[in-house]
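Everything below concerns the one structure shown next.
The values are calculated or read from the model by the stated rules, or taken from the named source; none is laboratory data. Fair warning: this is a prediction, and the values are worked out from it, not measured in the lab. Backbone-built Cβ (ideal geometry, glycine too); neighbour counts: all protein chains shown.
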Amino acid sequence: MKRDIMKKLGFTFLINFLLCFMLLIFGPSEIFFANVTEFDFVYGEFAGYMAAFALIGAVIFTLLFSFLPDKLYRTVMSVVFGISVGGYIQVMFLNKNLDLLGVNPEGYKTSAGQSAVNLIVWLVIIIGILILAFWKSELWKKIVMYLSVFLLLIQTVALVSLTASAKEEAYAYPEGNWHLSGKDQYMVSADKNVIVIILDYFSNQYMEPLLAAYPDAVNCLHDFTYYSNMDCVYFGTYPSLPHMLTGQEVDMSVGVNEWCENIWNDEKTKDFYDMLSEQNFVANVYTPDTNILCGLNSVELLDGKLSNVVNSSEEIDIFYKLLFKTMAKMSGYRMFPDIVKPYFYANIDEYSNIVEVKENKINNENYDFYQDLLEKRLTADKSSNYYIVQHLMGPHLYTTDEKGNYKENSTLEETTKGCMVIVEEYLNQLKALGVYDDATIIVTADHGGPYDSQVIFYMKEPQEKHDAPPVNTAPVSFDEYLPTIAEAIGDDYTEYGKSVHDYEQGEERTRTVWLRMYSEDYPAVSCYTGDKAGAENVYFGYTYTGDVSDLLKQTQIGPSKIVPMVDSYF
């Protein structure tokens, strides 16, 4: 009798530990090692704790389930084992182009057909195991036991391989650390300012729902001119932001790391930032993810161009509760069926908030930036002119309410309205300092949606005044961004190309938007980090003449050009 109880306990523990191992040990580990460059913490911060949680959880569930009545016991154990088998199949075969890092502002979306097929696969697995449990009980026990051991062994071997082959950065924080400092994020010049506020993912197609919900949302921009036909050239913060900051086209014949190195060492890039220095401008760019600008190159690459580049160790705080919760959510999102994935979707801000820099943090989240703006307030520096790029999350995530504060599961309309509240406060503080009138200010986005790849672009020039923002329909793009900044500085901008002022309303111009995509017609490529498969393998170019309606028509027709990637950013 005692021996039978021990066997049952061991059998029950094996089934429960398999699920806990997959969800709390192997899943988080595989996610971490596959995306180590995206995380600011090391493996040791969570691995041991998650293993302890898995072991304790398996023991608790073993004690809870082992003494259930026989029929209920077999039902529960079949379901638990079925979830493990279904999860393994989901990860290995059913997850297609999964947005694991939470960059989609609308969360997890899939077609009804795909979700239905996915659910059927899961039901067949679980029902099949249940039928076996009640039809051939002894055979069920053997199959479950041997298959559980098999799944544990192959995933353990994979885990050992992952830990043994991981890069040093997965285990140790760097002693020295080139990075962008947020020390002067709320500093402006008492004299001349060129200020760019980038609201990530703010398509110009968002203006209609925003103004329908909040008709006065952009009243604060009455002194600005609205360029309603602004093309972002490249979808995604990479490569759009480095393209904006350097004026360099993407060289699709080389990989991410080589392109990033080339653009920051290019003579025109050096000329632009040397010109800023000669005009007594500091150039402060506030974006927290420097991989977007440098790839895997050291941020030292930006030294001599951007003024807020520093080399020093950063003291950090780690929010362990959020760390464990987020890693478990990401693991469940990866492992569970499509129908429940939305409940486990972890937005990019969740894992980016796990680690907080104690000093000189760059605020990228809308609400964090806003709170510090209200508390610290802008101050003016009399010693230099300022070129400032504030890269905020914008409507990339719907986590901002209409007053600029944090709100989980906000809407597009509330988030875009909250962004405008934050912009208005920034402008009001510029006015309070007496530097607003003389400033050149741009409110824009680095990119729009994948297909509606036109963005908002409001620009106020020195002494510009209006009762309402005039609309300029000239066919402009971010190819004109750097020349426009040079023009605002007062330099001869023609070395860098045309500015937005060199295009007329009604002028006919052909432009191309490039989207990172995946096509089965082209070979798969690796991620630029070199440790995982790339999520994309081609650039689709959509060439159009006209405005966003013509662009959207072209996206329905299909790409005008397709260029294979060397490697993928994601």
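Within the range 340-370, being without any contact (Cβ under 8 Å) to a residue 60 or more places away in the chain, part of a helix (DSSP H, G or I), more than 17 Å from the chain's Cα centre (by Cα) and not assigned by TED's automatic domain parsing to the domain that holds residue 390 holds for 340, 343. Scan the range 292-319 residue by residue and report those that are within 17 Å of the chain's Cα centre (by Cα) and either of a type in the set (Ser, Thr, Tyr) or modelled with pLDDT of 95 or more (or both). Answer for the range 292-319, where residues must be within 17 Å of the chain's Cα centre (by Cα) and either of a type in the set (Ser, Thr, Tyr) or modelled with pLDDT of 95 or more (or both): 292, 293, 294, 295. Scanning the range 177-208 for residues that are part of a loop (DSSP other than H, G, I, E, B) and of a type in the set (Gly, Ala, Ser), we see that the one that is surrounded by the fewest Cβ atoms within 10 Å (Cβ to Cβ) is 190.
Determine whether residue 16 is within 28 Å of the chain's Cα centre (by Cα), in the same structural domain as residue 131 (by TED's automatic domain parsing) and either at pLDDT below 95 or closer than 30 Å to residue 161 by Cβ (or both). No, not satisfied. Restricted to the range 513-570, and to residues that are among the basic types (Lys, Arg) and surrounded by fewer than 19 Cβ atoms within 10 Å (Cβ to Cβ), which residue is nearest to residue 257 (Cα to Cα)? The residue in question is 532. Candidates 84, 78, 111: the one that is assigned by TED's automatic domain parsing to the domain that holds residue 10 and at pLDDT below 95 is 111. Residues in the range 215-250 that are within 22 Å of residue 483 (Cβ to Cβ) and of a type in the set (A, V, I, L, M) were compared, and the one that is surrounded by the fewest Cβ atoms within 10 Å (Cβ to Cβ) is 250. The lone criterion from (1) in contact with a Gly (Cβ under 6 Å, 6 or more places away or on another chain); (2) under 25 Å from residue 326 (Cα atoms) left unmet by residue 125 is number (2). The residues of the range 495-545 that are of a type in the set (Lys, Arg) and under 23 Å from residue 226 (Cβ atoms), listed by number, are 498, 509, 511. For the range 304-314, the criterion of being crowded, with 18+ Cβ neighbours inside 10 Å, touching a Gly at 6+ places or on another chain (Cβ under 9 Å) and assigned by TED's automatic domain parsing to the domain that holds residue 409 is satisfied by at least one residue. Taking every residue in the range 551-562 that is within 12 Å of residue 514 (Cα to Cα) and pairing it with any residue that is of a type in the set (S, T, N, Q) and modelled with pLDDT of 95 or more, at least 6 positions away or on another chain, the pairs with Cβ-Cβ distances below 6 Å are 560/543.
Here's the yes/no breakdown for (1) surrounded by fewer than 18 Cβ atoms within 10 Å (Cβ to Cβ); (2) outside any helix (DSSP H, G or I):
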{"site": "4", "(1), (2)": "yes, no"}
{"site": "11", "(1), (2)": "yes, no"}
{"site": "24", "(1), (2)": "no, no"}
{"site": "28", "(1), (2)": "no, no"}
{"site": "41", "(1), (2)": "no, yes"}
{"site": "50", "(1), (2)": "no, no"}
{"site": "60", "(1), (2)": "yes, no"}
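Does residue 327 meet the test of being buried (at least 17 other Cβ atoms within 10 Å of the Cβ), assigned to a helix (DSSP H, G or I), over 24 Å from the mean Cα position of the chain (by Cα) and not β-branched (Val, Ile, Thr)? So residue 327 fails the test.
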